[in-house]
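Let me begin by presenting the structure, written as structure tokens, before commenting on it.
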Amino acid sequence: MTLTLDRVSYTYAGAGDRALRDVSLAVAPGEFVVLAGGTGSGKSTLLRAASGLVPHFHGGEFAGRCVVGGLDTREHGPAQLAQVAGTLFQDPETQVVLGTVRAELAFPLENAGLGSAAVARGVEEAALALGIAELLDRSTTELSGGELQRVALGAALATRPRLVLLDEPTSQLDPVAGDELLGVLRRLNEEWGTTVVLAEHRLERCLAAADRVVAMRDGAIACDATPQAFLAWAAASAPDLLTPGARLFSLAGLSPLPVAVRDARATLGDRLPHIVAPVPASRPRDRDQAALSLDRVWLEPRDAAARLRGVSLRVGGGEIVALLGRNGAGKSTLLRIAAELEKPTRGKVRAAGRVALLLQTPGDYFLHDRVGDDVDAGRAGLGALADRHPRDLSGGERQQLALAAVLDGPDRPAVLLLDEPTRGMDHARKTALAAQLRELAAEGIGIVLATHDAELAVAVATRTVLLGKGEVIADAPTAEVLGGGWYFATQTARILGGAALTPEDGAALLRSPAPVEVWSEDAVFSGGERSETR
């Protein structure tokens, strides 16, 4: 076996409950295994155990046996295990350590003792496979979060390890880059026999590639089955783990639950053309008072191409705006300028009060070694984790903690800016976040969220701004921008023919006995009844 866990249990230092509970798992050479489960279920801890970080880095109490590529993790540390297992964790910014992309990709090859020609070839192949060839001579400090994620993955794959351990590898990638990454993993798996163990919340991106799905719950394995059998189990026992497409079918009372969009469309067959009509164009509603405004903002760094090009944006108090665009389009840069962390070369930025910003690196907001010392853990919904070290939290828990820290203060912000806020979050926490954002908007706070999560944008944003190479290329109601798209679209939209819908709205349409039109003018028609857009 490439990876074997035999009755592994683990407790983080200072934690009362075990993060892993008597876990036994055997992964054969060449298998593609997806780890599913809610935030804090044990997925990341299992990967940390397989990489040797648990217990060698995190400390705590470890029991049982974990063998990776023939190496027992009790006897071999992370450096030795890295020779047989490539790893990518949720914080690529902590894994990328060298000055340029080329140096970062070359380092593991040089460390393996390869000659200069083999190193050069390996760097070129990794760069081409992950679509980062144009970044090779860029400084790693200038990269976006998604670009860093691809560079870190390139370094992990460069030596073609027998086993690849990946924790939320698509969390910061745009839809095209996410699909390309999964394509690279499938090719490595199918053509080179590389074993892949991948933890992911956005299961719709990777389920079709999987041989097995291992679902974690409270630190133990709750299900180990094929993707189709996993969806059947999830529908009965863990509905929060269903993909949007499977949730759509489940709510509509249809079966079998689809593993991929192709499966769903094949099941629906002739019903597809009659479900949803095209979304007509409309314009964003004017707001009386702007919480945030950017007027023809440029950012032109010295000796570099412009990162923002004449961006104008107005966000009203109580408005939720989704900011979408490919990796490197300028989303994070726009948020940093709006929060005055960077100064524009030209143009003006105005805000009606305090601007709160949550960046892609939640660890930057933690000042103490204990969750309860950073925020009121109970009020933040993290009461059970008050005594834990922030670094020991899952990605979704760190995001939740960082957002609580950002909102904390003597006065409520006039504007809240969020950069990839659902990174590492499961469906339940995303649902809670969406409700929280609506509550904050109801208080009059203007919200801008930069995201690759079309499901979140459709659920909460009344308006979507699409950036392309530092310019606003679309600014309209969310239903218009995300309706009919190939990549910037929800899975429900891809199944049903184009309209920007949640699984709940889509299920109502599927249950409708007659064709239904879906409009974008601040409302949707679901099952023939007009309902206000969320």
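The values are calculated or read from the model by the stated rules, or taken from the named source; none is laboratory data. Quick caveat: nothing in here was measured; it's all calculated off a predicted structure. Positions of Cβ are generated from backbone atoms using ideal geometry, with glycine treated the same way; all protein chains shown enter the neighbour counts. Remember, those area values only see protein heavy atoms, side chains included, never the ligands or the DNA or RNA. Shrake-Rupley method; radii C 1.70, N 1.55, O 1.52, S 1.80 Å.
Which of the numbered conditions does Gly69 fail, given that it passes all the others? Conditions: (1) surrounded by 24 or more Cβ atoms within 10 Å (Cβ to Cβ); (2) in contact (Cβ under 8 Å) with a residue 60 or more places away in the chain; (3) in contact with a strand residue (DSSP E or B) (Cβ under 8 Å, 6 or more places away or on another chain).
Tallying (1) surrounded by 24 or more Cβ atoms within 10 Å (Cβ to Cβ); (2) in contact (Cβ under 8 Å) with a residue 60 or more places away in the chain; (3) in contact with a strand residue (DSSP E or B) (Cβ under 8 Å, 6 or more places away or on another chain), Gly69 fails exactly one: (1).
Could you tell me which of the residues Ala402, Ala380 is within 21 Å of Asp17 (Cβ to Cβ), crowded, with 19+ Cβ neighbours inside 10 Å, without any contact (Cβ under 8 Å) to a residue 60 or more places away in the chain and of a type outside the set (Val, Ile, Thr)?
On the way: Ala402 fails: within 21 Å of Asp17 (Cβ to Cβ).
Ala380 is the lone residue from the list that is within 21 Å of Asp17 (Cβ to Cβ), crowded, with 19+ Cβ neighbours inside 10 Å, without any contact (Cβ under 8 Å) to a residue 60 or more places away in the chain and of a type outside the set (Val, Ile, Thr).
Taking the stretch 435-449 as the region of interest, how many residues are open to solvent by less than 10 Å² (accessible area, probe 1.4 Å) and in contact (Cβ under 8 Å) with a residue 40 or more places away in the chain? Step through it out loud before you land on a result.
Initial filter on the stretch 435-449 (open to solvent by less than 10 Å² (accessible area, probe 1.4 Å)): 437, 440, 445-449.
Going one step further and asking which of them are in contact (Cβ under 8 Å) with a residue 40 or more places away in the chain, we end up with 437, 445-449.
Counting residues in the stretch 435-449 that are open to solvent by less than 10 Å² (accessible area, probe 1.4 Å) and in contact (Cβ under 8 Å) with a residue 40 or more places away in the chain gives 6.
Residues of the stretch 147-161 being part of a helix (DSSP H, G or I), open to solvent by 10 Å² or more (accessible area, probe 1.4 Å) and either modelled with pLDDT under 90 or of a type in the set (Asp, Glu) (or both), which ones?
Of everything in the stretch 147-161, those that are part of a helix (DSSP H, G or I), open to solvent by 10 Å² or more (accessible area, probe 1.4 Å) and either modelled with pLDDT under 90 or of a type in the set (Asp, Glu) (or both) turn out to be Glu147, Leu148, Arg150, Leu157.
Which residue, of Thr140, Thr194, is within 22 Å of the chain's Cα centre (by Cα), open to solvent by less than 40 Å² (accessible area, probe 1.4 Å) and among the hydroxyl-bearing types (Ser, Thr, Tyr)? Let's see the steps before the verdict.
Details: Thr194 fails: within 22 Å of the chain's Cα centre (by Cα).
Going through Thr140, Thr194 in turn, the sole match is Thr140.
Could you tell me which of the residues Gly506, Gly498 is small (Gly, Ala, Ser), part of a loop (DSSP other than H, G, I, E, B) and either open to solvent by less than 30 Å² (accessible area, probe 1.4 Å) or under 26 Å from Ala246 (Cα atoms) (or both)? Walk me through how you get there before you give the answer.
Working: Gly506 fails: part of a loop (DSSP other than H, G, I, E, B).
Answer to the check: Gly498.
What's the number of the only condition in (1) touching a residue at least 40 places away in the same chain (Cβ under 8 Å); (2) surrounded by 21 or more Cβ atoms within 10 Å (Cβ to Cβ); (3) closer than 26 Å to Thr39 by Cβ that Glu104 fails to meet?
(3)
If I go through the stretch 119-142 residue by residue, how many of them are among the basic types (Lys, Arg) and part of a loop (DSSP other than H, G, I, E, B)?
Step one: list which residues in the stretch 119-142 are among the basic types (Lys, Arg), which gives 121, 138.
Retained after the next criterion (residues that are part of a loop (DSSP other than H, G, I, E, B)): 138.
Of the residues in the stretch 119-142, 1 are among the basic types (Lys, Arg) and part of a loop (DSSP other than H, G, I, E, B).
Name the residues in the stretch 42-66 that are in a helix (DSSP H, G or I), of a type in the set (A, V, I, L, M) and open to solvent by 40 Å² or more (accessible area, probe 1.4 Å), would you?
Within the stretch 42-66, the subset in a helix (DSSP H, G or I) is 43-51, 53-56.
From what is left, the residues that are of a type in the set (A, V, I, L, M) are 46-47, 49-50, 53-54.
Selection gives Leu53 alone.
Starting from the stretch 1-13, keep only residues that are closer than 11 Å to Phe62 by Cβ, then list their pairs with residues that are of a type in the set (Val, Ile, Thr) and outside any strand (DSSP E or B) whose Cβ atoms are within a distance under 6 Å, requiring at least 6 positions of separation or different chains.
Tyr10/Val54
Open to solvent by 10 Å² or more (accessible area, probe 1.4 Å) and acidic (Asp, Glu): does that describe Glu124?
Working: open to solvent by 10 Å² or more (accessible area, probe 1.4 Å): yes; acidic (Asp, Glu): yes.
Answer is yes for this residue.
Could you please find all residues in the stretch 421-434 being open to solvent by less than 20 Å² (accessible area, probe 1.4 Å) and under 14 Å from Val460 (Cα atoms)?
Once the filter is applied, which keeps residues that are open to solvent by less than 20 Å² (accessible area, probe 1.4 Å) and under 14 Å from Val460 (Cα atoms), the stretch 421-434 yields Pro421, Thr422, Leu433, Ala434.
Can you confirm whether the stretch 440-462 contains a residue that is under 21 Å from Val261 (Cα atoms) and not in a helix (DSSP H, G or I)? Give the steps one after another, and end with the answer.
Quick first cut of the stretch 440-462, residues under 21 Å from Val261 (Cα atoms) only: 452-459.
Still in the list and also not in a helix (DSSP H, G or I): 452-453.
Yes - at least one qualifying residue is present in the stretch 440-462.
Quick one: would you say Ser332 is touching a residue at least 12 places away in the same chain (Cβ under 8 Å), buried (at least 19 other Cβ atoms within 10 Å of the Cβ) and within 30 Å of Leu299 (Cα to Cα)?
Values: touching a residue at least 12 places away in the same chain (Cβ under 8 Å): yes; buried (at least 19 other Cβ atoms within 10 Å of the Cβ): yes; within 30 Å of Leu299 (Cα to Cα): yes.
For Ser332, the condition - touching a residue at least 12 places away in the same chain (Cβ under 8 Å), buried (at least 19 other Cβ atoms within 10 Å of the Cβ) and within 30 Å of Leu299 (Cα to Cα) - is met.
Against the conditions (1) open to solvent by less than 50 Å² (accessible area, probe 1.4 Å); (2) modelled with pLDDT of 95 or more; (3) over 24 Å from the mean Cα position of the chain (by Cα); (4) among the charged types (D, E, K, R), where does Glu319 fall short? Just the number, please.
(3)
Consider the stretch 234-267. How many of its residues are farther than 15 Å from His427 by Cα and open to solvent by less than 10 Å² (accessible area, probe 1.4 Å)? Before the answer, list the steps.
Restricting attention to the stretch 234-267, the residues satisfying the condition of being farther than 15 Å from His427 by Cα are 236, 249-267.
Filter again for open to solvent by less than 10 Å² (accessible area, probe 1.4 Å), leaving 249, 258, 264.
Total meeting the criteria: 3.
Check every one of the helices (runs of 4 or more DSSP H) wholly within the stretch 76-118 and list those with 2 or more residues that are in contact with a helix residue (DSSP H, G or I) (Cβ under 6 Å, 6 or more places away or on another chain) and of a type in the set (A, V, I, L, M, F, W, C). It would help to see each step written out before you state the result.
Numbers: elements: 78-81, 92-95, 101-111.
Because the criterion is at least 2 residues that are in contact with a helix residue (DSSP H, G or I) (Cβ under 6 Å, 6 or more places away or on another chain) and of a type in the set (A, V, I, L, M, F, W, C), the helices (runs of 4 or more DSSP H) in the stretch 76-118 that meet it are 101-111.
I'm trying to understand the selection: among the residues of the stretch 410-430, which are free of Cβ contacts under 8 Å to residues at least 12 places away in the same chain and either among the small types (Gly, Ala, Ser) or not in a loop (DSSP other than H, G, I, E, B) (or both)?
Within the stretch 410-430, the first condition is being free of Cβ contacts under 8 Å to residues at least 12 places away in the same chain, and the residues that meet it are 410.
Correct list: empty.
Residue check: is Arg438 within 17 Å of Leu335 (Cα to Cα) and over 18 Å from the mean Cα position of the chain (by Cα)? Spell out how you get there, then give the answer.
Details: within 17 Å of Leu335 (Cα to Cα): no; over 18 Å from the mean Cα position of the chain (by Cα): yes.
No, not satisfied.
Of the residues that make up the stretch 466-473, is at least one closer than 17 Å to Glu319 by Cα and modelled with pLDDT of 95 or more?
Yes - at least one qualifying residue is present in the stretch 466-473.
Could you look through the stretch 28-40, keep only residues that are assigned to a loop (DSSP other than H, G, I, E, B) and modelled with pLDDT of 95 or more, and pick out the one that is farthest from Arg7 (Cα to Cα)? Explain how you work it out, then say what you get.
Of all residues in the stretch 28-40, those assigned to a loop (DSSP other than H, G, I, E, B) come to 28-31, 38-40.
Remaining after also requiring modelled with pLDDT of 95 or more: 28-31.
Working: Ala28: 17, Pro29: 20, Gly30: 23, Glu31: 21 Å.
The residue in question is Gly30.
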